[in-house]
Structures are given as structure tokens and as C-alpha cells.
Amino acid sequence: MTEPTITRKLPTLGICAACSNAGKTTLINKLIIELAKRNIRVSVIKHAHHKFDIDHPGKDSYEIREAGAVQTLIASSNRWAMITEMQRTPNPPNEANLNELIQLINADYADLILVEGFKNANIPKIEVYRPSMGAPMLCLNDKNIIAVASDSVPTTQPETVLLNLNNIQQITNFILQAIIKK
């Protein structure tokens, strides 16, 4: 099922794969470093398929959240983070709404949003594809995939741009031209 078209203020690019451990996070980490060298500020939205926690028992913020707060905002002079307990909201969704998450990113702080996961999202995406993993190519059925980054030449040639997963400069150049238009 495809999500509705995403409305966004910042250029947004998804990094997706058909399976776990394909290298999405590794690629994003390398892209952040390379884009920073080129004075491009990156924000990231990462999908988690499992229950996760950024807070810890014994901390005030954890205790406040566990007491029943719907949202807890923790702030200091160095950083801030907001935790929203979705099951405490009216009509909790089955899945996070990417469009709403994108709207939370401050356009004054970033030049690009990278989205990890959300492979069904209606945004431009680069697929991380490793033929050795035996997973199907998503680009064969997803018109939003604008490039495939692979560590070897796939047996099925995609009808989109093929990038070398091990050449971060090539991938960054592609993003600058296709997404950021620099």
C-alpha cells in the first residue's frame, strides 16, 4: 500500500531496501559525512520496526513519561528531544505518518531530509540493493525509486540510474543533481 503524496518544505530522499542489513544506515552515515563536506545540512527520519526507547528508568523524563504523559520534551543548551507515546493519542495509528514526521523537521536547520525505511512512501528514493542477499529489487515495482545503489551489477538491469554503492562521491553527486539541484 502506497502512502499519499508527501508535502514537504525541504528536499526529501528515501533510502530503502527490500530486506534488513542491506546497508541503509551505513549509506546514510557516509552520505551525512560527504554532504557535510559540501556544506549540506542533513536531518534524518528513521523508521524502526521494533519497540525502541531513547529514555532510561530512573531518569526524570522516563518517570514523567511512565506516569502517563502523552508527549515529553527534554531540553538542554546542547540538544532537545520529544518523545510521543502514540498509543496515548486519540485514534492511535498502526504506523507513523511520514508526512507528519517530515513537517516536524525544522527547515531552518537542514538542507535535506534523508528518510531511512518507509519503503512504501511516495517520495523519491534510492534503493540499496545487494544481489548476494537474494532479495527482490524494489525498483521493478516502485516508480518512486530514482536510483539503485548496488555493490555489484544486478542480473536484472533496473530501468533507473545504477550507482556504485561503494562510491559515496558518485551517490552524493547524484543526490545534489537530482534532489537538491546544486
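So here's what we get for this one:
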quantity	calculated
Hey, Asp151 over 16 Å from the mean Cα position of the chain (by Cα) and of a type outside the set (Gly, Ala, Ser) or not	yes
Residue match in region 66-75 (condition: more than 22 Å from Asn141 (Cβ to Cβ), in contact with a Leu (Cβ under 9 Å, 6 or more places away or on another chain) and touching a residue at least 12 places away in the same chain (Cβ under 8 Å))	no
Contacts under 7 angstrom Cβ, first residue in region 23-37 being closer than 14 Å to Leu112 by Cα, partner in a helix (DSSP H, G or I) and of a type outside the set (Phe, Trp, Tyr), 6 or more apart	Leu31/Ile168; Leu31/Ile171; Leu31/Thr172; Glu34/Ile168; Glu34/Gln169; Glu34/Thr172; Leu35/Thr172
Only listed residue being among the β-branched types (Val, Ile, Thr) and open to solvent by less than 20 Å² (accessible area, probe 1.4 Å), chosen from Ile179, Ile175	Ile175
Subset tally (residues that are part of a helix (DSSP H, G or I), basic (Lys, Arg) and open to solvent by 80 Å² or more (accessible area, probe 1.4 Å)) for region 8-31	1
Test: residue in region 108-115 that is over 22 Å from Cys19 (Cβ atoms), touching a strand residue (DSSP E or B) at 6+ places or on another chain (Cβ under 6 Å) and part of a loop (DSSP other than H, G, I, E, B)	yes
Hits in region 91-141 (condition: open to solvent by 30 Å² or more (accessible area, probe 1.4 Å) and either of a type in the set (Gly, Ala, Ser) or touching a Lys or Arg at 6+ places or on another chain (Cβ under 9 Å) (or both))	Ala96, Asn99, Gln103, Ile105, Ala107, Tyr109, Asp111, Lys119, Ser132, Gly134, Leu138
Members of region 46-57 that are open to solvent by 60 Å² or more (accessible area, probe 1.4 Å) and either modelled with pLDDT under 90 or of a type in the set (A, V, I, L, M, F, W, C) (or both)	His49, His50, Lys51, Phe52, Asp53, Ile54, His56, Pro57
Region 128-146 residues that are in a loop (DSSP other than H, G, I, E, B), paired with ones that are aromatic (Phe, Trp, Tyr) (beta carbon under 8 Å, 6 or more apart)	Ala135/Tyr129; Met137/Tyr129
Which numbered condition Ser20 fails, given (1) among the small types (Gly, Ala, Ser); (2) within 18 Å of Ala149 (Cβ to Cβ); (3) in contact (Cβ under 8 Å) with a residue 40 or more places away in the chain	(3)
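The values are calculated or read from the model by the stated rules, or taken from the named source; none is laboratory data. Remember, it's a predicted structure, so these values are computed and weren't measured experimentally. Note that each Cβ is placed from the backbone with ideal geometry, even for glycine, and that neighbours are counted across all protein chains shown. Heads up: the accessible areas ignore ligands, DNA and RNA and are worked out on the full protein's heavy atoms, side chains in. Shrake-Rupley method; radii C 1.70, N 1.55, O 1.52, S 1.80 Å.
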